[in-house]
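The values are calculated or read from the model by the stated rules, or taken from the named source; none is laboratory data. Because the structure is predicted, anything quoted here is derived from the model rather than measured. Using ideal geometry, Cβ is built from the backbone for each residue, glycine included, and neighbour counts are taken over all protein chains shown.
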Amino acid sequence: MSFSNNSSWGHFFLKGKTLALCFFGLILLVLCLGSWAELPGSSIQSTILKRSTEVSDTAIWQPKSGVKWQIQLVDAVEDIANADIFDIDMFDNTAEKISEIHKTGAKVICYFSAGTYEDWRPDVKEFADPDFGSALEDWPGERWLDLHSSNVRKIMQARLDLAKQKGCDGVDPDNIDAYGNDNGLGLTEADSIDYLDFLASEAHSRGMSIGLKNGGDIIPSVIEKMQWSVNEQCAQYDECDVYAAFTDVGKPVFHIEYADEIEVNNKLKVRDVTSSQKSAACDAKSAENFSTVIKNMQLDAWVEYC
């Protein structure tokens, strides 16, 4: 054979050998991939799926709209029937009382003031003079708190620890709206938003829900981290549409109207009522049962008729 023929056969031999090795390598690769996929939890895909569906903390309770709720912020709760949710004072109620409520199938929201100092609470000695702002009008013994204070935040963390220890399902931190009051500290909406971010993070890290108390001006900035709203007197101040932002996304608004403070307001939209119903409402008010009668009338708002 000539040199050229030997060269051709050599190239053919080398090419064939290369193809065979590639084919053999491909078979090994397929076999390895198949074995790897069968190993539990070893594939990249299963790891990604596990991470995407795994919940890092305990699931946070999200109450539904339309549930029955009861709020009592003075003294220990005694009547624990006929409600799905109880909003109660955290300090005035024991872990045993909260456990008793849980046995009825109801949830418990624990109230405390997160934005003001109250001189009758058991942890008053933990506060320092630099924490205090102006006194609250009409609320003796209360002063606005500096929401930036590391000491104030440390106290609130301890209060959240106590709420967790007592078995609270969620917390109702009051007086977060210092920005709308003469607080003596120059606190703004941005300060309240930052403070609520802190409180929400701390509550959620302990497995508890949290709600926004009033604070309608900052709803868009905090609603994602809140599980509900507690509102006082939106009917009286004609601002219920502001709090509808919560119900629009399936989160409840726990609404309170203080009947003895409502004045006649022709702008409130109510169904027509009969003279006998008006008389019943007035009689009920004198018997301190006004709110129940108004609710039973299924009015769109509570109105002072007498």
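Laid out as a table, the results:
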read-out: Complete set of residues in the stretch 73-90 that are over 13 Å from ALA106 (Cα atoms) and surrounded by 17 or more Cβ atoms within 10 Å (Cβ to Cβ); value: VAL77, ASP89, MET90
read-out: Selection status of TRP120, modelled with pLDDT under 95 and assigned to a loop (DSSP other than H, G, I, E, B); value: no
read-out: Residue in the stretch 141-148 that is buried (at least 18 other Cβ atoms within 10 Å of the Cβ) and farther than 20 Å from LEU185 by Cβ present; value: no
read-out: Hey, LEU212 under 26 Å from GLN62 (Cα atoms), assigned to a strand (DSSP E or B) and hydrophobic (A, V, I, L, M, F, W, C) or not; value: yes
read-out: Flag if ALA135 is surrounded by 14 or more Cβ atoms within 10 Å (Cβ to Cβ), within 25 Å of VAL253 (Cβ to Cβ) and of a type outside the set (Lys, Arg); value: no
read-out: Hey, ASP87 assigned to a loop (DSSP other than H, G, I, E, B) and in contact with a Leu (Cβ under 9 Å, 6 or more places away or on another chain) or not; value: no
read-out: VAL67 more than 21 Å from the chain's Cα centre (by Cα), of a type in the set (A, V, I, L, M, F, W, C) and surrounded by fewer than 21 Cβ atoms within 10 Å (Cβ to Cβ); value: no
read-out: Residues satisfying the stated conditions in the stretch 215-239, i.e. without any contact (Cβ under 8 Å) to a residue 24 or more places away in the chain and either surrounded by 16 or more Cβ atoms within 10 Å (Cβ to Cβ) or not in a helix (DSSP H, G or I) (or both); value: CYS234, TYR237, GLU239
